[in-house]
Amino acid sequence: MNAVIYARVSSLGNRQDTTRQVEDLSNYAAYQNLQISKVFEEHISGAKRNTERPILLQAIDYCKQNNVSILLVSELSRLGRNAFEVLATVKDLIDSGINLYLQKEQLTLLDSEGKPTLFAPIMIATLSTCAQLERENIKFRLNSGRKLYIERGGKLGRKVGTVKTIEQKKEQYKDVISYLKRGYSVRTIAKLTNKGTSTVQRIKKDFNL
């Protein structure tokens with residue numbers, strides 16, 4: 001049985017990577033005798049709408065076009081933090097006959113006969129709602145903190161002098177620039193230089209490469 005791994009982290013820089021998710025899901029696949037067809041990795045906030053997350057859409061589309069049996073994800077929140085969008089994604093997978101494995105929740109969407117398990121829809125609805133509520137709580141606390149900071153005379157935004165000049169960027173990202181000039185893909189460069197894909201894309205745009 002073939003499988004696809006989808007891994008996502010929220011950080012757009014180098015603070016997080018998908019290595020642990022991919023390794024853990026690969027170990028699960030080996031234990032279950034699943035053949036990994038492809039791995040999709042995305043660096044984007046879970047707050048983004050699913051229509052704004054191209055790698056997730058590619059992963060699901062790949063599963064449909066290549067008759068992939070199961071999509072492996074580290075936890076439900078990797079599919080998004082909006083309850084309605086997560087449920088829409090889950091329904092899309094069910095309608096396409098694609099199983100879903102959530103490692104953290106230890107939950108699969110379909111049973112051995114390819115039918116939705118009894119408690120999966122209820123569990124997913126509950127978990128996705130809780131994830132959305134937690135995100136809203138975090139947003140409220142952050143906004144409240146910012147408001148209090150400003151009321152006490154604080155100023156938001158970058159400090160003067162923290163924006164890098166073109167020459168500084170050229171020196172700091174000379175390895176990225178070199179690979180871009182040689183025609184390497186953004187994803188390949190990100191792996192070679194241990195930088196986020198968004199960083200590589202930004203340098204590509206800044207230097208018109």
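The values are calculated or read from the model by the stated rules, or taken from the named source; none is laboratory data. Everything quoted here is computed from the prediction, not taken from an experiment. Virtual Cβ from ideal backbone geometry, glycine too; neighbours counted across all protein chains shown. Note: areas computed on protein heavy atoms with side chains; ligands, DNA, RNA excluded. Shrake-Rupley method; radii C 1.70, N 1.55, O 1.52, S 1.80 Å.
Worth pointing out:
- Condition check for Glu85: over 30 Å from Ile203 (Cα atoms), touching a residue at least 12 places away in the same chain (Cβ under 8 Å) and either aliphatic (A, V, I, L, M) or surrounded by 18 or more Cβ atoms within 10 Å (Cβ to Cβ) (or both): yes
- Unmet requirement for Asn99, which otherwise passes all of (1) out of contact with any Gly (no Cβ under 8 Å at 6 or more places or on another chain); (2) at pLDDT 80 or above: (1)
- Condition check for Asn2: open to solvent by less than 50 Å² (accessible area, probe 1.4 Å) and over 17 Å from the mean Cα position of the chain (by Cα): yes
- Complete set of residues in segment 40-71 that are more than 23 Å from Gly196 (Cβ to Cβ), surrounded by 14 or more Cβ atoms within 10 Å (Cβ to Cβ) and touching a residue at least 60 places away in the same chain (Cβ under 8 Å): Val68, Ser69, Ile70, Leu71
- Cross-chain or 6+ apart pairs with Cβ under 6 Å, segment 173-194 first and more than 15 Å from Glu41 (Cβ to Cβ), then part of a helix (DSSP H, G or I) and open to solvent by 60 Å² or more (accessible area, probe 1.4 Å): Leu180/Lys204
- Matching residues, segment 182-209, being under 22 Å from Glu167 (Cβ atoms), open to solvent by 20 Å² or more (accessible area, probe 1.4 Å) and hydrophobic (A, V, I, L, M, F, W, C): Phe207, Leu209
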